[in-house]
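Below is one structure; the comments refer to it alone.
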Amino acid sequence: MGSKIFKKRMGPIEKQGVVQAYTMLVPTVAIVMAIVLFPLLANFWISFKDVTVSDLRTAEIKVSEKFQKKPKEKGDISKIEYRFNNFSKSANIKEVSFKDKIPIGLIIKDLPSNCNLSENIIGCELGNFQPKEKKKLKFETIAEDKYFLNNENPKDSSPIVEGKSENRLLNLDLKIKNFEEIFSSPNFWKTIRISFAYSLFSAIGSLTLGILAAQLLMTTFIGRGIIRGIFLFPYIAPIIAVTITWKILTDPFFGTINGILTELEILNEPISFLQVREMTFSFVGLDFTLPVALSFVILFESWRYFPLAMIFILARLQSVPKELFEAAEIDGATPFQKFRSITWPLILGVLFVLFLLRFIWTFNKFDDIFLLTGGAAGTKTLTVDVYETGFNIGNLGTGAANAVLVFLILVFAAIFIIRFSPKE
Amino acid sequence: MSNIQKIIISVIIGSFWGLISNLILGIFIILLIGTTIQFNYLSFLIVSSISSLIITFYNKKNLQTNVSIFLLTFILILVFTGISPYGLAIDQNSFLQILFLLIQSFIILIGNNICLSGINKMSFNRLFLEIIFIRVLKGFGFTFFLTIVLFPFYVMVLMSLKTHQLLILNPLDLSVDISRGVSMFRSYIELFTDWGFGYYLLNSFIVSLSSIFIALVFAIPGAYAVARFNFPGKLLMINSILLIYLIPMITLLIPLYSFFTFLNLRDSLFGLIIVYPAVTIPVAIYMLQGYFQTIPQELEEAGLVDGLSRTGVILRITLPLSLPALASVSLFIFMVAWNEYLFAYMFLDTPSIFTLPRGLEQLDGTEVPRQHLMAGSVIATVPVIVVFLWAEKYLTGGLTAGGIKG
């Protein structure tokens, strides 16, 4: 509807409205740009850079000072030594200069050529420092009477070092090394497979539970509001609290679930659900291999997010006039027929949107797996990989490249799903 | 319907409730006394079937009949199991045993009554079978969902009240020993005195409330502009609001971490107070503009005619009328900010500024006994659940409008 209006020429009042609208939008757009869109673009930039976490700290020269042979009487000769060190493993520091205060009464014997002295401040040019380069500066001093009046130690004043270090995040040194590293990693396809299985089955699981729960709460009965509230608990509780609880529940030694299952003799011995990669069991003569930890994480996701699907489906069903169901009932439709020919077509659209969003959001999810398994036992998804490469290994560039991959896969997955969506 | 058919249906339904009530309550008993019990499935199955047969064939339906059936169930179970319904000696935990048996008799009565209501008026056909089947499924469904939802929270609370020795001695024993008095809450007290949970709680409140405030300050003008004005780029803006919401947080992590390190915003609550509003503003705008559009424009025009400025109109007319939407948006932001883990984990290093999720994570990394972890989880969970239940009506609206994220 907006586009129609703009084809007309706007009158002065409408123009005033446009100005007002933009003024109101500027702050909002600015903060979202700064915190969401700009970092997204910056992530693409970082993915082409070879940077590590330590590069984030601005490279600095560390300096230590030594004062040897402290003078005891007039004419004593002492030594002052400065050691400069560029601790950075990657950054050059250019045009380094240095300043320090020399106590009154100490006369410098041979002033090094790159230094000058004004009043009692010594200043030196130290030139450029390569990564990890160390330099020294030494000179001798002679004590005068004045020195013993104050008896200052040269170390009392801390030396000031200044230099220009380039920021490795901002230079134009772009490489595709990070992407090469990701694609050549032996675990790459496995990580992709796990991510897809995790997102797909979690989305299906939470939707299935959501449909069932919505069916339970569709009819009105006493206490329905309370039960609906209780059903939402898994979704609204803090993720950290529920992961800690599930970790303790599934603990093989003290865990309640293992305890109950062994008491009921369903299990012969406790299973560490979150630490076992896979388990083989035979059923009707066939051997099946079940990825235990991955399945458990998927069950957890279904448990945590079914309330959301439930709420959406309930909202859709409650927006339909009750007469529709009543009419079907009068016509003698059985509950299953009602579900198949009324409920299912009604919620199909919502289900599709929910599936798309749940898939995308599970694919994006980091916290849940990170807190449950830490990515161990065959549950390492791409998002966990972003954290591991970026912060555990400390290679920000590769981490960002992984994040780019997450983003691109999502864009393609979303386009693909929308393309093949049922027509509403 | 013939009597044979009625008998078969009644026995099936009776057996179902007998079995499921025994299984679920049995598990609760195990968790309360910490020792294994005997599941007398057969006795419960028979007694429950007797109860369902009486319900089907006894025509007088009133309170008196129901109370009689209830008492009969109770007594019959005692008789069939030799006064040991759960395989425990009757003098052991007698109060608990009787209480659970009463609860179980009640479940059997209600379950059978609901599932069998109207059985005499219906004819035996597909419709009837499906209705009965659905009733049984629903019974199972409620039991199943309530169990999977409440079980972890139940264990969380009960475990937080135990001591280390008791948990080591018998991890299954979660009974609450009221005689321990205040010392039941030792884990909570220690978390607040020795582990700084007071600070974490305070920090979490500071971060959540500031996030709500900032997000609203930014979102209200934006939403108002989208709802009330026409301007070039409006459609693009509305569409991008939703797209922004799909951007993965993990792609923002590395850049934000880098910038905040440069700007010295890392390791400060301020960093979080910028990020949380920024990621929730798009949803807030989306929800608010929808609500603003439902407010009649004539009201605002009247205000303008009376000499109010645009800001005056928003503050005095639009916002007071939008309180439900504002409440729902605020609760949504509160939930996001209170529960957020990833950025809190990456951005905070100094314990005195930890939020609850970050503090709890820290606690999880140390060799701290389980009851402390559970107490910490309770402390983190209770505020958000209380806020939620207090304003459930608004929040469910908020969840459907924007709560896809998470």
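The values are calculated or read from the model by the stated rules, or taken from the named source; none is laboratory data. Just so you know, these numbers come straight off a predicted model, no measurement behind them. Every residue, glycine as well, gets a Cβ built from its backbone with ideal geometry; the counts of neighbours run over all protein chains shown.
Being without any contact (Cβ under 8 Å) to a residue 12 or more places away in the chain and either at negative phi or within 14 Å of chain A (Cβ to nearest Cβ) (or both): is that true of B:Phe106 here? No: the conditions fail for B:Phe106.
Quick one: is B:Phe44 within 14 Å of another protein chain (Cβ to nearest Cβ), among the aromatic types (Phe, Trp, Tyr) and within 21 Å of B:Ala89 (Cα to Cα)? Step through it out loud before you land on a result.
Working: within 14 Å of another protein chain (Cβ to nearest Cβ): no; among the aromatic types (Phe, Trp, Tyr): yes; within 21 Å of B:Ala89 (Cα to Cα): yes.
No.
Starting from segment B:195-213, keep only residues that are at pLDDT below 95, then list their pairs with residues that are of a type in the set (Ser, Thr, Tyr) and surrounded by fewer than 17 Cβ atoms within 10 Å (Cβ to Cβ) whose Cβ atoms are within a distance under 8 Å, requiring at least 6 positions of separation or different chains. As it stands, the answer is B:Gly196/B:Ser352; B:Tyr199/B:Ser352, since those pairs meet every condition given. Note on segment A:350-400: residues that are closer than 28 Å to B:Ser377 by Cβ and in a loop (DSSP other than H, G, I, E, B) amount to 11.
The set of residues in segment A:28-73 being part of a helix (DSSP H, G or I) and in contact with a Gly (Cβ under 8 Å, 6 or more places away or on another chain) consists of A:Thr28, A:Val29, A:Ile46, A:Ser47, A:Val53, A:Ser54.
Residues in segment A:215-234 that are aromatic (Phe, Trp, Tyr) and within 7 Å of chain B (Cβ to nearest Cβ) were compared, and the one that is nearest to B:Pro383 (Cα to Cα) is A:Phe233. Taking segment A:52-92 as the range and being buried (at least 17 other Cβ atoms within 10 Å of the Cβ), of a type in the set (Val, Ile, Thr) and at pLDDT 80 or above as the test, the residues that pass are A:Val63, A:Ile80. Of the residues examined, B:Asp194 is not one that is more than 11 Å from every other protein chain (Cβ to nearest Cβ), under 30 Å from A:Val53 (Cβ atoms) and not hydrophobic (A, V, I, L, M, F, W, C).
When the residues of segment B:256-296 are filtered to those that are small (Gly, Ala, Ser) and either in contact with a helix residue (DSSP H, G or I) (Cβ under 6 Å, 6 or more places away or on another chain) or facing chain A (nearest Cβ under 9 Å) (or both), the one that is nearest to B:Leu319 (Cα to Cα) is B:Ala284. When segment A:80-117 is limited to residues that are polar (S, T, N, Q) and either in contact with a strand residue (DSSP E or B) (Cβ under 7 Å, 6 or more places away or on another chain) or not in a loop (DSSP other than H, G, I, E, B) (or both), the one that is nearest to A:Asn151 (Cα to Cα) turns out to be A:Asn116.
Contact map, segment B:128-150: first residue at the interface with chain A (Cβ under 9 Å from one of its Cβ atoms), second residue surrounded by fewer than 16 Cβ atoms within 10 Å (Cβ to Cβ) and assigned to a helix (DSSP H, G or I), Cβ cut-off under 7 Å, separation 6 or more or different chains; pairs are B:Glu130/A:Phe336. Report, by residue number, each residue of segment A:161-176 that is surrounded by 15 or more Cβ atoms within 10 Å (Cβ to Cβ) and within 28 Å of A:Phe407 (Cβ to Cβ). Correct list: A:Arg168, A:Leu169. For segment A:209-253, filtering for residues that are surrounded by 20 or more Cβ atoms within 10 Å (Cβ to Cβ), of a type outside the set (A, V, I, L, M) and free of Cβ contacts under 8 Å to residues at least 60 places away in the same chain leaves 4. Which one is nearest to the other protein chains (Cβ to nearest Cβ) among residues in segment A:283-313 that are among the hydrophobic types (A, V, I, L, M, F, W, C) and out of contact with any Gly (no Cβ under 9 Å at 6 or more places or on another chain)? Per the stated criteria, the residue is A:Phe300. The set of residues in segment B:303-335 being among the hydrophobic types (A, V, I, L, M, F, W, C), closer than 15 Å to B:Pro277 by Cβ and more than 11 Å from chain A (Cβ to nearest Cβ) consists of B:Leu326, B:Val329, B:Ile333. Taken together, A:Pro321, A:Pro335 contain a single residue that is exposed (fewer than 15 other Cβ atoms within 10 Å of the Cβ), at negative phi and free of Cβ contacts under 8 Å to residues at least 12 places away in the same chain, which is A:Pro321. A:Leu290 satisfies every condition listed in (1) in contact (Cβ under 8 Å) with a residue 12 or more places away in the chain; (2) closer than 23 Å to B:Met374 by Cα except (2).
Of all residues assigned to segment A:194-201, none qualifies as being within 14 Å of chain B (Cβ to nearest Cβ) and among the aliphatic types (A, V, I, L, M).
Note on segment A:116-160: residues that are exposed (fewer than 15 other Cβ atoms within 10 Å of the Cβ) and among the aromatic types (Phe, Trp, Tyr) amount to 1.
In this structure, A:Thr220 qualifies as assigned to a loop (DSSP other than H, G, I, E, B) and either more than 39 Å from the chain's Cα centre (by Cα) or closer than 30 Å to B:Tyr341 by Cα (or both).
Among the residues making up segment A:118-128, those that are assigned to a strand (DSSP E or B), touching a residue at least 12 places away in the same chain (Cβ under 8 Å) and on the phi < 0 side of the Ramachandran plot are A:Ile121, A:Ile122, A:Gly123, A:Cys124, A:Glu125, A:Leu126, A:Asn128.
Residues in segment B:355-367 that are within 25 Å of the chain's Cα centre (by Cα) and either away from chain A (no Cβ under 11 Å) or touching a residue at least 12 places away in the same chain (Cβ under 8 Å) (or both): how many?
Total satisfying the criteria: 8.
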